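First comes the structure, then the notes that go with it.
The values are calculated or read from the model by the stated rules, or taken from the named source; none is laboratory data. Remember, it's a predicted structure, so these values are computed and weren't measured experimentally. Here the Cβ positions follow ideal geometry from the backbone for every residue, glycine too, while neighbour counts run over all protein chains shown.
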Amino acid sequence: MTRVRVPFLIIIFVIVPHLLSAQDGLTDLEELLIDPALEEEGESLLLELLDELARHPIELNRATWEELAALPWVTPELAKAIVSYRKEYGYFSRTSELRGAPGVDEELFRRIAPFVCAEPWLKEVPRRPFEVRMRTRIRDRHPHREGYLERTFSPTRYSVYNRLSAKVGERVSLSLLAERDPGEPGLTDHMSGAVSIRGGERSGIVGALDRVVVGDYQLQFGQGLVFGPRYAVLKGRELVSSLRRQEQGIIYYASADETRLLRGVVTSLGHRNRAVAFVSLAHRDATLSEEGTSVQSVYATGLHRTETERAKKDKLEEQLMGARLRWQLGEKLAIGATGYHATYAPELDPPLEGGRYYSLRGRTNQVLGADALLHLGELGLFGEHAWCRGGGRAWLAGASYLLGNTETITIIRDYDWDFYNDYGFALSDVSGEVRNERGALFGLRHRVGGSRVWFHYDIFEHPWRRYLEEMPTRGQEYWLEVEQRLGTELAFTLRRRSRSREARQEVASDIASGTLDLLTDRETTRLELTWRSGETMRSRLRGEWVETAIQELGRSEDGRLIFWGSTVRPYDELRLETRWIWFATDSYDSRIYEFENDLPGVMRNMPLWGRGSRWYVLIGHRFLRRLDVTVKYAQTEREGELSRGSGVEERRGRSEYEYGLALDLVW
């Protein structure tokens, strides 16, 4: 590190945090919304939806329990308790009165406060008749990959994201997006757009019309076996509330997701009892056979940097049509049915070998599902059963219970190996995949005084082979996290996560050989101290340790990470965040994931391995209430590592630099 950088880091990490301060609400919302053991980097639909809620908060005195349950931390049972509290004690005169509702403690209130408001006299809140917002993001990273040096990639080395959205009154919205990944030619490799029209009794359109969307959209019905967007939270600290989120229905959004968007028209009629019909004509990237008459594999990265990658673009056409019916039977019971028919051209014909042996084949697929939700006071029962063409099934059933300061959830699941559905996303061992898995999970969230406890235990098995695993596997996982407040300014957190997987593999080593059942253990321990200086600054000191082992092979590794970071906000328009991280792991197998805030709308959970350090600065400022400017600079130094990756993905050098700029303009 040069002499110039040393004093600069001293100013950023030592002096600045003690000179600046920030208002309450400095929680990393994103960290509570993802599985901390999955790599994540890119646009987050969930963060965009939260951003929309922050601009147009939920009005506590008008909101139904369904609207309150749309918040990630609020279960339907808790939402019903809040509505019952409002009926019993009257309208909220200010947001802070929400603290008195059953199940709402100070920590939960602090998380949801930015997304709710209170109008005690139920006045009509005036809104601007027309609003336009534009977001631009530019990102670059050095050193560049070998693909640029070899001229395999396009010379455009930075990513560009542009999104324009507009609202006309409260009923009409439109959005248009253009995005390019690093190494892709032009500025519009991916385009997305949609127009949404909301109905309602006062809309002057059609009383029964709930919504019409033309363009790109996603769907979320029931428990997600048929349609579930990938922004849903499945495992992690807030597992209890994430697995009991209220049905979102139609999700209108111009998204950078190039693999799962539906493109066409969707409309919903009715309010309590609802009917949804949708059609879609979308193109997916795919690898064709030599004759070009069939699809051998679907290409899901969304990258089009090389001639080979561009040759896969939009090769598979998917025509899809379907419907959803949902009946609300009183205040306690809701039942629904969802189905779709999909046609593919050319036909799907993956090779009968390796991980593609159990893939969908043919020109069509049909998926049908039925779901139910029953509320019995503080007890909620829910479930869904789905079938696909050929007879493959998937089902999920669960119960949640709210008792004072304790919330629990229990779920069992069974997904056949031949249940084919690209649009499902529900509880599973990895990444929400609804296929080839059986399991049972219990989760708990509890608070008492200044203490909060989160716990879950999950057992699972994969009866058939998976893409990268030739033999069946099984395993278990538990998560225990305890947070203890030490007064009003300090909080101590202990997290323990243990995960084990048993798989039968062919082994040839000095210790053992042949076909063995290998048990892989991964245990993570985190200690964290958080300090808040009044309502103006938050600092965190964290230590994290990872241990991995395969006992049958006598192999064990460990990893360690320490970071210190501070977030400050001297006034409403300015936010400054700094962080320094040191890490040391034996290899990639003992990597440690580090979540960090990024540019608006971007979620990042990155793995760190080897030995080195990383630091970043994130600054955001609002000008004239119209323009938000956010910049980020990050630097990673690795010891003894001269290159990472291979082929066109290889990066050379011990140092890595990242730059980012985001502009958000509203008028």
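When Leu352, Leu381, Leu360 are screened for being at pLDDT 90 or above and either of a type outside the set (Ser, Thr, Tyr) or touching a helix residue (DSSP H, G or I) at 6+ places or on another chain (Cβ under 9 Å) (or both), only Leu381 passes.
Against the definition (touching a residue at least 40 places away in the same chain (Cβ under 8 Å) and either in contact with a Pro (Cβ under 7 Å, 6 or more places away or on another chain) or outside any loop (DSSP other than H, G, I, E, B) (or both)), how does Asp589 come out, yes or no? Against the criterion (touching a residue at least 40 places away in the same chain (Cβ under 8 Å) and either in contact with a Pro (Cβ under 7 Å, 6 or more places away or on another chain) or outside any loop (DSSP other than H, G, I, E, B) (or both)), Asp589 qualifies. Just one of the numbered conditions (1) part of a loop (DSSP other than H, G, I, E, B); (2) within 20 Å of the chain's Cα centre (by Cα); (3) not hydroxyl-bearing (Ser, Thr, Tyr) is not true of His456: (1).
Okay, residues lined up against (1) touching an Asp or Glu at 6+ places or on another chain (Cβ under 9 Å); (2) farther than 17 Å from Glu528 by Cα; (3) surrounded by fewer than 22 Cβ atoms within 10 Å (Cβ to Cβ); (4) of a type outside the set (D, E, K, R):
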residue: Tyr571; (1), (2), (3), (4): no, yes, yes, yes
residue: Trp580; (1), (2), (3), (4): no, no, yes, yes
residue: Phe583; (1), (2), (3), (4): yes, no, no, yes
residue: Glu594; (1), (2), (3), (4): yes, no, yes, no
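Here Glu407 fulfils each of the conditions (1) assigned to a strand (DSSP E or B); (2) modelled with pLDDT of 90 or more; (3) within 27 Å of the chain's Cα centre (by Cα); (4) surrounded by 17 or more Cβ atoms within 10 Å (Cβ to Cβ) apart from (2). Please find, within segment 418-459, the residue that is modelled with the lowest pLDDT out of those that are small (Gly, Ala, Ser) and more than 19 Å from Ser498 (Cβ to Cβ). Looking at the filtered set, the residue picked out is Ser431.
Within the bounds of segment 597-606, is there any residue that is more than 24 Å from the chain's Cα centre (by Cα), outside any strand (DSSP E or B), modelled with pLDDT under 90 and among the polar types (S, T, N, Q)? Within segment 597-606 (the criterion being more than 24 Å from the chain's Cα centre (by Cα), outside any strand (DSSP E or B), modelled with pLDDT under 90 and among the polar types (S, T, N, Q)), the answer is no, since none of the residues qualifies. Restricted to segment 270-373, the set of strands (runs of 3 or more DSSP E) holding at least 3 residues that are not hydroxyl-bearing (Ser, Thr, Tyr) comprises 274-284, 294-298, 316-329, 333-348.
Every residue, every condition in (1) surrounded by 21 or more Cβ atoms within 10 Å (Cβ to Cβ); (2) modelled with pLDDT under 95, yes or no:
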| residue | (1), (2) |
| --- | --- |
| Gly339 | no, no |
| Leu374 | no, yes |
| Ser400 | yes, yes |
| Leu403 | no, yes |
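Is it the case, given these coordinates, that Glu179 is touching a His at 6+ places or on another chain (Cβ under 6 Å) and either at pLDDT below 90 or buried (at least 19 other Cβ atoms within 10 Å of the Cβ) (or both)? The answer is yes for Glu179. Filtering segment 634-646 for residues that are at pLDDT below 95 and within 23 Å of the chain's Cα centre (by Cα) leaves an empty set. Criterion applied to Phe419, Phe442 was being crowded, with 23+ Cβ neighbours inside 10 Å and of a type outside the set (S, T, N, Q), and the one residue passing it is Phe419. Annotation note: Cβ proximity below 9 Å between a residue of segment 369-388 that is within 15 Å of Phe227 (Cβ to Cβ) and not assigned by TED's automatic domain parsing to the domain that holds Phe221 and a residue that is among the polar types (S, T, N, Q) and assigned to a strand (DSSP E or B) (sequence gap 6+ or interchain) occurs for Gly369/Thr338; Ala370/Thr338; Asp371/Thr338; Glu384/Thr338; Ala386/Thr338; Trp387/Gln366; Cys388/Asn365; Cys388/Gln366.
Give me a count of the residues in segment 447-468 that are free of Cβ contacts under 8 Å to residues at least 60 places away in the same chain and not aromatic (Phe, Trp, Tyr). Here the count works out to 9.
Taken residue by residue, segment 620-633 has no member that is of a type in the set (A, V, I, L, M, F, W, C) and buried (at least 17 other Cβ atoms within 10 Å of the Cβ). Against the list (1) assigned to a strand (DSSP E or B); (2) in contact (Cβ under 8 Å) with a residue 24 or more places away in the chain, the condition Ile562 fails is (2).
When Arg413 is tested against (1) charged (D, E, K, R); (2) more than 22 Å from Trp387 (Cα to Cα); (3) assigned to a strand (DSSP E or B), exactly one condition is not met: (2).
With respect to (1) in contact with a helix residue (DSSP H, G or I) (Cβ under 8 Å, 6 or more places away or on another chain); (2) closer than 30 Å to Val104 by Cβ; (3) not basic (Lys, Arg), the lone exception for Phe425 is condition (1).
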